[in-house]
Structure formats: structure tokens, C-alpha cells
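Peer 1: Sending over a structure as C-alpha cells; questions will come in a sec.
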Amino acid sequence: MAEPLLKVEGLQAWYGESHVLHGVDIEVREGEVVTLLGRNGAGKTSTLRSIMGLVGRRSGSVRFDEQELIGTRSDRIARAGIALCPEERGIFASLDVTENLLLPPVVRPGGLSLDEIYTLFPNLKERARSPGTRLSGGEQQMLAIARILRTGARLLMLDEPTEGLAPVIVQQIGRTIREIKQRGFTILLVEQNFRFAQTVADRHYVMEHGRVVDAVANAEMAGAMERLHEYLGV
Amino acid sequence: MIEDLIFQLELGLPQVVLGLVNGAFYALLSLGLAVIFGMLNVINFAHGAQFMVGAFVAWMLLNWVGIGYWPALILAPLIVGAFGVVLERTMISRLYKLDHLYGLLLTFGLALIIEGLFRNGFGSSGLPYAPPELLSGPPVDLGFMFLPKYRLWVVAAAVVMSLATWIIIEKTRLGAYLRAATENAALVQAFGVNVPRMMTLTYAAGVALAAFAGVLAAPIYSVNPQMGSSLIITVFAVVVIGGMGSILGSVLTGFGLGLVEGLTKVFYPEASSTVIFVIMAIVLLARPAGLFGRA
């Protein structure tokens, strides 16, 4: 069988002196939606940032599309076809909505066209000239996701896209994720809300203290509830 | 009383126009500083020296190679900009993660070294550089004064250059990268933009702007190693008043303070060399981020 699209092995990472990941192993196959679950501070965001090359120091192995990326600079990682939608959304205040949307360069063919993006997110068209940070939280999240759909990246990493948003917006983001999965994108999703995760994902990893401690297929979610409650403390 | 004032102003109008010429240099230099500071977070104290080098390169091109003013207006910024690339790659890029103070000390040291080298090579008495033939002829009659064509050209060139820089930064895709990287360089890089290279080129562009101003200045001031350091102190005051990193702010403040200086020469000449610093003190007290700066 072919190698998974993303294969992370023994990934360790440091922010300055603090050692945040202690050997993370995950695999994501082409076309899958996989979530990282876990409590605050378990290392979910750090895992995404490490894959993207945004931590001070990292070791281990990050293979993407049969290429080793552990020693690669973040702009080259992006060019290889990985895109991050960060937790803080990263909408630029000095850019208007269209400029924010068009900011990430297209790295390969296969991304959504601007028209397709406006069909998915009609609000972004209406607010095209507003400064990016004047949008509502939900609209900013849409913009942050829309921005990386254009680039042709094959693996989209979404960091808590539903955090702090109203239920109706959360549903809309869920629909969007299912829609982009159908278009063949591969998604690695960080979530605290595992009820939401359940509605979109194929598989789940559970993280604790900078390691992956468990893996659950979505179909087995019901049977694993007790375990998950314990991990997540909900 | 009012008639008196108007009479004084009419007599003084030439001073005001000359103030605008000074303002053109303030605007161009503070523009380069703002571009560099906005992107690299480095206060480029070598800016005055780079302005001076621009004037010298124009002089060398003319006297050593026989290349005249118009080609020099493009070549000198390119040459000095290339020198900026080397400086950024070898030294300045190592300071981004450190406190502002290190960048300030390094560029200040560089300014002293560059100036010293030119003083050593060319002395400090100054070298003449004639304006191009096209702009020499008889002065233009503005109605209330005769203005040498060349000075009119300086103001026009500064306005066009400032406008072009503003358009590039505010209206183009490259400018969107620059503005975004000013806010969050790591994220822009994670989108696939080669941010380190962009920083190098931004520094080079800022330096090239200084050199462009230097070539413009060569026929007005004599080309000498101190021409940058005497101007740059005022330019830093302009930058502080306009607000660090604001493009439009630095241009408007540059021209505005040139005018204010000119007006002061009319009404109270004794204060003309200090008025900018008085304004700086007031602005710092009332609006520490500068007139156009974001706090």
C-alpha cells in the first residue's frame, strides 16, 4: 500500500527552552479527515505548528507526499502543499477581505477558484472591501479557511475552527469541511469539541502531554465514549 | 496688522517654496526609513550615509566613467541598493530577533565607518556636481520669485517617487505581502512566501530610495561626506512626528515640516533650525505614536 499522504514519526518540538512535543506519531491518508483531540496544553496546536515548521526547534520525521520535511523552512513546506489555518485565525488588519483572501500564493493547481469560494462563503463577497478584522468572528473564521482553499494545498490543517462561535456558524463550518472533503482535500483538524469532530472526521487521535495516546476510528466512537470522556475530562 | 502680515508673507514666499524643496528630501528619506522600519523593525541609522553614498556614486559615475545625471538617477540607487543587500544578508538579518537597540547601534556604527571612509578618500570640502543641461537654463518665473528649474524638478521627482512607493505598498499584491508580513511575518512565510528574501529586498529598496535622494541632492548641495549626517537628524525628527512605519505619514510630514521650516524663516528666522524639534517634543507629549502612527 502506498505511503500515507502525511506520516509523522517521533516528532519532538521545543519553544525556546520548553519541550512541548515528546514524540508524536500520526498518519493521515489522502482524502481523510483526521482530528487531534485532547485537553488544553496537550500539544495539538504545537503538532500543527511543528508540521508547518513554525516552532523554534523540532526533530523526528515529518514525511509529506513521500518527501521528508523535518529540516525544511516553513515557506517551502507550504510550497510542498500543506496549509495551516491558525487558531488565532491570523486575519490581517491592514488588508481588506479580498487582499486577505488572495494573500497566500497558489502553490499548485487544484485549488478552488474565487467564484467557488464566493459560492461557499457569500459573505466574503459582500464584505470584499472591509478591513479583515472588521468582520464578525464567524466571518473571520470563514475567511481564514477560504484563504487556504485557493492555494491548491492538498493537506489543510485547521486549528479549532469552531472555537468561540455560535452553533449556527459551527454547523456552517461543519458543512464546509464535509464539502471540501468531498472535493478530495485531506484535512487534519484540531478540536476540543468532540461532538463536532464526530460529525466530520474519519478517525481521531487523542493527545496528552505532547504525545498521541490513543486512536479511535469514527465508527467506533460510540464504544469509546467512556475512554474519551476520561481523556478529555468532559 | 494683517496687511503687515500679508506683506511679510509675500516677501517670504520664496523661503516657503525653498522649504518645500527641503521638504522633498525629508519626505524621500523618511519614506525609506518608514519602509525599512515597517518591515524589518530596524531603525536604519545608516540612512544618511547611504544618501551620501548615492550622491558620491553619481559623482563617480560622471567623473570616472563619464555617465551623466539621468542614467545615474537609476544606476546609483541600484548600486547602493546592491550594497544594502550585502549589509542585510551579512549583518542586519542577524539582529531581527534582538532588541531594537542592537540594530540601531549596528547601523549607527556602519554610518560612522562609511562616512569615515569617504572622508578619507575624498576629504570633507565637497565636490561640485552640475545639474543636467535639460534643467540648468534660466530659472522659472513663478510670479513672486524665480526658481531654478532643477529645484522644481526635485519637488516633482520626490512627489512622484513618494506616490509610486505608496501605490506599491497600498495597492499591489507585493504591497499586501509587505503589510501582512509587518503584522505577522511567520504566518506569511507559512503561506509559502519567502519572507527572508522579501526583507532583504525591502532593505535594499529603502536604501535605494536614500541613494535616489542623494543623486537628487548632488547638484543642490555640494557632494561631501557629511551631507547625510547633517540632514538625517532632522529626518529622524520628521519620522518621529509622522509616526514610525507610516508611509503616507512620513511623506506628508516630510513636505509639511519643510514648509513649516520655510515659514519660520519668514516670521522668526532665529527659530528656523529648531522649530522641527520643538514640534517633535510637542507631538511626543500629545501623541507619542506620531501624527499618523498607530499606537
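The values are calculated or read from the model by the stated rules, or taken from the named source; none is laboratory data. Values in this document were obtained by computation on a predicted structure and should not be read as measured data. A quick note on method: Cβ atoms are made from the backbone with ideal geometry, for glycine too, and the neighbour counts reach across all protein chains shown.
Peer 1: Just to be sure I understand the filter: pairs with C-beta atoms under 8 Å, separated by 6 or more residues or on different chains, first member in the range A:218-234 and hydroxyl-bearing (Ser, Thr, Tyr), second member surrounded by 11 or more Cβ atoms within 10 Å (Cβ to Cβ) and at pLDDT 85 or above. Which pairs pass?
Peer 2: From the range A:218-234, the pairs are A:TYR231/A:LEU37; A:TYR231/A:GLY38; A:TYR231/A:ARG39; A:TYR231/A:VAL206; A:TYR231/A:GLU208; A:TYR231/A:VAL213; A:TYR231/A:ASP214.
Peer 1: Determine whether B:VAL154 is within 14 Å of another protein chain (Cβ to nearest Cβ) and either crowded, with 19+ Cβ neighbours inside 10 Å or touching a Pro at 6+ places or on another chain (Cβ under 6 Å) (or both).
Peer 2: no
Peer 1: Is one or more of the residues making up the range A:13-22 over 30 Å from A:SER130 (Cα atoms), at the interface with chain B (Cβ under 10 Å from one of its Cβ atoms) and not polar (S, T, N, Q)?
Peer 2: no
Peer 1: Next question, about the same structure. Here are the criteria: (1) modelled with pLDDT of 95 or more; (2) in contact with a helix residue (DSSP H, G or I) (Cβ under 9 Å, 6 or more places away or on another chain); (3) among the β-branched types (Val, Ile, Thr). Tell me which single one B:VAL42 does not satisfy.
Peer 2: Going through the list (1) modelled with pLDDT of 95 or more; (2) in contact with a helix residue (DSSP H, G or I) (Cβ under 9 Å, 6 or more places away or on another chain); (3) among the β-branched types (Val, Ile, Thr), B:VAL42 breaks only (1).
Peer 1: Could you check, for the range A:167-174, whether at least one of its residues is away from chain B (no Cβ under 14 Å), over 11 Å from the mean Cα position of the chain (by Cα) and in a strand (DSSP E or B)?
Peer 2: no
Peer 1: Okay, moving on. If B:LEU178 meets every condition in (1) within 14 Å of chain A (Cβ to nearest Cβ); (2) within 30 Å of B:GLY109 (Cβ to Cβ); (3) not in a helix (DSSP H, G or I) apart from one, which number is that one?
Peer 2: (3)
Peer 1: I'm told B:GLY68 meets every condition in (1) farther than 17 Å from B:LEU29 by Cα; (2) in contact with a helix residue (DSSP H, G or I) (Cβ under 7 Å, 6 or more places away or on another chain); (3) surrounded by 15 or more Cβ atoms within 10 Å (Cβ to Cβ) except one. Can you identify the failing condition by its number?
Peer 2: (3)
Peer 1: Condition test on A:ALA78, is it assigned to a helix (DSSP H, G or I), within 10 Å of another protein chain (Cβ to nearest Cβ) and crowded, with 17+ Cβ neighbours inside 10 Å?
Peer 2: Judged against the criteria, A:ALA78 is a match.
Peer 1: Out of all the residues in the range B:262-289, which are out of contact with any Ser or Thr (no Cβ under 6 Å at 6 or more places or on another chain), under 26 Å from B:PHE7 (Cα atoms) and not β-branched (Val, Ile, Thr)?
Peer 2: Correct list: B:GLY262, B:LEU263, B:PHE267, B:TYR268, B:PRO269, B:GLU270, B:SER273.
Peer 1: Is it true that some residue in the range B:170-178 is under 23 Å from B:PHE25 (Cα atoms) and either touching a Phe, Trp or Tyr at 6+ places or on another chain (Cβ under 7 Å) or at pLDDT 95 or above (or both)?
Peer 2: no
Peer 1: Can you tell me how many residues in the range B:164-201 are among the aliphatic types (A, V, I, L, M), in contact (Cβ under 8 Å) with a residue 40 or more places away in the chain and within 26 Å of B:ILE79 (Cβ to Cβ)?
Peer 2: Number of matching residues: 5.
Peer 1: Also: Check the range A:95-114 and report whether any residue there is over 30 Å from B:LEU248 (Cβ atoms), away from chain B (no Cβ under 14 Å) and either buried (at least 18 other Cβ atoms within 10 Å of the Cβ) or of a type in the set (D, E, K, R) (or both).
Peer 2: yes
Peer 1: Taking the range B:181-224, which residues are more than 7 Å from chain A (Cβ to nearest Cβ), surrounded by fewer than 19 Cβ atoms within 10 Å (Cβ to Cβ) and in contact with a Lys or Arg (Cβ under 9 Å, 6 or more places away or on another chain)?
Peer 2: Residues satisfying the conditions are B:PRO196, B:ILE220.
Peer 1: A further question follows. Taking the range A:81-101 as the region of interest, how many residues are part of a strand (DSSP E or B) and farther than 16 Å from B:GLY175 by Cα?
Peer 2: Residues that pass the stated criteria total 4.
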